[in-house]
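Rule-based calculations on the coordinates, nothing more; no lab input. No experiment lies behind these values; they were computed from the predicted model shown. Positions of Cβ are generated from backbone atoms using ideal geometry, with glycine treated the same way; all protein chains shown enter the neighbour counts.
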Amino acid sequence: MASLVQLFWSFFKIGTFTLGGGYAMIPLMEKELVDRHGWLTNEEFVDTITLAQTMPGIFAVNTATNVGWRLRGILGAVVAVVGNILMPILIILALAMGMRHMRGNAVAEAVLKGVRPVVVALIAAPVFRMAKTVHVSRYNFWIPVVAALLVWLLGVSPVWVILAAGVGGFLYGKYSEKREVGS
């Protein structure tokens with residue numbers, strides 16, 4: 001069982017040491033919540049990430065709320081959220097106060113451009129790890145690829161893609177159920 005202090009410090013670290021926000025937090029969240037503390041299994045972690053993505057609001061806050069509530073109830077949710085957002089709020093305040101001095105600064109712009117590829121890599125790495133957990137195989141890898149292409153190239157709303165995937169999964173489950181009963 002996680003103590004409130006452990007919960008706070010885990011989410012404080014996640015919020016402090018993650019560049020790029022929400023999805024870039026996934027590797028650190030996985031390491032902290034699954035590998036280090038064992039508070040979640042890989043499957044529970046994927047379910048938590050999925051739930052956090054589908055709910056309105058900030059991904060990191062949704063994740064902290066879910067994990068905190070699961071481990072320590074309402075107080076755990078509050079502690080996890082405060083831990084997660086405290087340092088980013090302080091950093092944003094400091095940047096906002098100093099931003100007018102950095103505008104047009106070639107060094108600051110170069111640093112920000114250099115961080116972008118790192119953020120992409122931080123987001124891509126857990127996608128491939130989670131693909132194993134959710135059993136993406138050579139037979140069904142086309143599903144996330146088609147979903148991404150629909151959203152990215154054709155501009156289809158992610159809401160429609162999620163609804164279609166849910167209906168498709170439900171129908172596939174019913175079809176599989178009938179095949180098992182008929183065998």
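For residue 31, a cut-off of 23 angstrom between C-alpha atoms picks up these lysines, skipping any fewer than 8 places away in its own chain: 13, 132. In the chain, excluding the sites themselves, the longest stretch lacking any of the chymotrypsin sites (Phe, Trp or Tyr not before Pro) that are in a DSSP loop with at most 13 other Cβ atoms within 10 Å is 18-138. Helical runs assigned H by DSSP (4 residues or longer) give the chain a calculated mean residue ellipticity at 222 nm of -26000 deg cm²/dmol, each run adding -39500 (n - 2.57) before division by the residue total.
Determine one quarter of the surface area of the Cα convex hull of the chain, which equals its mean projected area, and express it in nm² to one decimal. Walk me through the numbers on the way to the answer.
Details: hull surface 56.0 nm².
One quarter of the hull surface, i.e. the mean projection, equals 14.0 nm².
Counting other beta carbons within 10 Å of each Cβ, put 37, 101 in order, fewest first. Mind dumping the intermediate values first?
Values: 37 14, 101 9.
If I rank by nearby Cβ atoms, fewest first, I get 101, 37.
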